[in-house]
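J.: Right, I'll just put the structure down here and ask away after.
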Ligand SMILES: Cc1cc2nc3c(=O)[nH]c(=O)nc-3n(C[C@H](O)[C@H](O)[C@H](O)COP(=O)(O)OP(=O)(O)OC[C@H]3O[C@@H](n4cnc5c(N)ncnc54)[C@H](O)[C@@H]3O)c2cc1C
């Protein structure tokens, strides 16, 4: 049943039910098959999960940041592979167009992104361009009413199933930094665009990444986001706050779910004649996980509310992404420890969670890049 924004409680409880009844039971199969069943994708579409942030006038739910993180706390409880499928549609795959797109771009793409009919991918990283994202080497050469793109994008989430890509390419070879970069909407199937072989990953099976290769790929000039050259990086930065908060919320939800599993296992496993949950060294691990998950939830909610109130939350969003992604790693690690040998065995979800959460510290800005940004911007703000 489709959901409507005016009843947030109905949305979060429907997502919670969907996660408990459909997603969590399917996790082991998704990991084994390295694919998400089409019926589950259909269920995610019906719930509106692809259009959480797309404005209502374009067919999405148009959630505020606070509302979005409340939904992400729930969706994040399931394997990150599910979130990954919808995340680019909710985040940078749609937000660049929502915030800076021309009216025609919004009308053409957002309704199909919101329903999940069109999967959006965000293509920034390249073989030689990772953390130093402003150093984009992919070129876009203007020829009349088209741009000709050449270059390779690496590790692009959902590339094999994407219908549309937001591609960062250098339009001004004379400007080596971020100001020479523009954002393009490139449709899958455009001649000159090809997709590499999906990578074999450590975890998050069921979500796929691959190279996106541009070889004399001709893109209509009207597909430059906002219609103006040199604004691509600026657009990307504006939507990153939202993306980082979304990831932090998903990490929080997953940590809470993993903690439940730690408690359940500790209550059921007996050693020395008692449930291991009765031992204070086990309780200490549970206490640390509980405390950190609560801190993460509070940070994310506070920052989301500040963003909705119109405040610049660039530093806070990075703090949330840094803390929550590191926190869920510690929670997953303690969960393995509480499971003992079983935590190392693939029959138990603990082993899969441990691998799945590792990525959160790497993509959409590594922990080091978040620290650099938080430190630099905090010092700058104090100097003002
Ligand atoms: C599964 C997966 C999905 C992804 N999805 C996408 C996607 O959809 N779209 C996309 O564009 N990209 C995507 N990425 C790419 C991801 O965002 C990058 O991998 C990430 O930003 C890091 O870049 P890098 O791998 O080149 O590492 P590098 O930048 O080479 O960094 C290597 C190490 O050096 C550290 N480092 C770098 N610079 C500094 C510095 N100045 N000071 C201190 N330490 C530093 C980093 O923190 C890291 O520890 C994905 C990656 C993966 C693995």
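Bear in mind that the values in this text are calculations on the coordinates, not laboratory data. Remember, predicted model here, so these are calculated numbers, not experimental data. Glycine gets a Cβ as well: all are built from the backbone with ideal geometry, and neighbour counts include every protein chain shown.
J.: What list do you get for 65, 168, 237 if you sort them by fewest beta carbons within 10 Å?
T.: Numbers: 65 24, 168 28, 237 13.
With the sparsest Cβ surroundings first, the list reads 237, 65, 168.
J.: Take the alpha carbon gyration tensor of segment 46-161, find the square roots of its eigenvalues, order them as a ≥ b ≥ c, and report rounded if a/c is under 1.5; if not, report prolate when a/b exceeds b/c, else oblate. Write down the numbers at each step before the final one.
T.: Working: a/c = 2.26, a/b = 1.41, b/c = 1.60.
Oblate shape, in that a/c is at least 1.5 and b/c is the bigger or equal ratio.
J.: From the square roots a ≥ b ≥ c of the eigenvalues of the alpha-carbon gyration tensor of segment 197-255, which class results: rounded (a/c under 1.5), prolate (a/b over b/c), or oblate?
T.: Working: a/c = 4.00, a/b = 1.34, b/c = 2.99.
The shape class here is oblate.
J.: Okay, next question. Okay, helix-only estimate at 222 nm for the chain: each DSSP H run of n ≥ 4 adds -39500 (n - 2.57), divide by all residues, round to 500 deg cm²/dmol; what do you get? Show your work: numbers first, answer last.
T.: Working: 12 runs with 192 residues, N = 384.
Using -39500 (n - 2.57) per qualifying helix, the result is -16500 deg cm²/dmol.
J.: Could you calculate the FRET efficiency of residue 128 with residue 294 from 1/(1 + (r/R0)^6), where r is the beta carbon distance between them and R0 is 35 Å, rounded to 0.05? It would help to have the intermediate numbers written out before the result.
T.: Values: r = 41 Å, r/R0 = 1.17.
Efficiency, rounded to the nearest 0.05: 0.30.
J.: A further question on this structure: How much of the DSSP bridge set in the chain is antiparallel, in percent, rounded to the nearest 5? Show your work: numbers first, answer last.
T.: Numbers: 28 of 33 bridges.
Antiparallel bridges make up about 85 percent of those DSSP assigns within the chain.
J.: Answer rounded, prolate or oblate for segment 288-367, using the Cα gyration tensor with square roots of eigenvalues a ≥ b ≥ c: rounded when a/c is under 1.5, else prolate when a/b is larger than b/c, else oblate.
T.: Values: a/c = 3.61, a/b = 2.24, b/c = 1.61.
Prolate.
J.: Still on this model: Please tell me the relative contact order of segment 154-195 in percent, rounded to the nearest whole number, where contacts are Cα pairs under 8 Å and at least six residues apart. Present the calculation step by step, with values, prior to reporting the outcome.
T.: Numbers: 40 pairs, mean separation 17.2, N = 42.
With pairs under 8 Å counted, the relative contact order is 41 percent.
J.: How would 320, 217 line up from fewest to most surrounding beta-carbon atoms within 10 angstrom? Intermediate values should be presented prior to the final figure.
T.: On the way: 320 29, 217 24.
Sorted ascending by nearby Cβ count, the order is 217, 320.
J.: A follow-up question, please. Can you tell which of 297, 161, 83 shows the greatest fluctuation in a Gaussian network model of the chain with Cα springs below 10 Å?
T.: With Cα springs under 10 Å in the chain, the top fluctuation among 297, 161, 83 is at 161.
J.: With the crude spin-label approximation of a point 7 Å out along Cα→Cβ, what separation in nm comes out for residue 274 versus residue 368?
T.: Label-label distance for residue 274 and residue 368, simple model: 4.5 nm.
J.: Another question about this same structure. Would you please state which residues of segment 125-161 a label at residue 35 would reach in this model, taking the label point 7 Å out along Cα→Cβ and a backbone N cut-off of under 18 Å?
T.: Hits in segment 125-161 for residue 35 at 18 Å: 158-161.
J.: Right, another one. I need to check one value: relative contact order of the chain, counting alpha carbon pairs closer than 8 Å and at least 6 residues apart, in percent.
T.: Computed value for the chain: 16 percent relative contact order.
J.: Between residue 346 and residue 137, what length comes free when the chain is fully extended (0.36 nm per residue of separation minus the Cα-Cα distance, one decimal in nm)? Don't skip to the answer; put the middle values down first.
T.: Values: separation 209, 0.36 × 209 = 75.24 nm, distance 4.04 nm.
Here the segment from residue 346 to residue 137 would lengthen by 71.2 nm.
J.: Sort 72, 299 so that the residue with the fewest other Cβ atoms within 10 Å of its own Cβ comes first and the one with the most comes last.
T.: On the way: 72 30, 299 20.
The order, fewest Cβ neighbours first, is 299, 72.
J.: Now for a separate question. Over the chain, one equal point on each Cα, no solvent: what is log10 I(q)/I(0) by the Debye formula at q = 0.06, 0.12, 0.13 Å⁻¹?
T.: Debye intensities relative to I(0), on a log10 scale: -0.23, -0.91, -1.06.
J.: Let me ask you something else. Based on the Cβ-Cβ distance of residue 10 and residue 99, what FRET efficiency does E = 1/(1 + (r/R0)^6) give at R0 = 30 Å, to the nearest 0.05? Intermediate results must be reported in sequence, preceding the final value.
T.: On the way: r = 27 Å, r/R0 = 0.92.
Once rounded, the FRET efficiency stands at 0.65.
J.: So if we plug the beta-carbon distance of residue 308 and residue 237 into 1/(1 + (r/R0)^6) with R0 = 25 Å, what FRET efficiency do we get, rounded to 0.05? Can you show the working numbers first?
T.: Values: r = 19 Å, r/R0 = 0.76.
After rounding, the FRET efficiency stands at 0.85.
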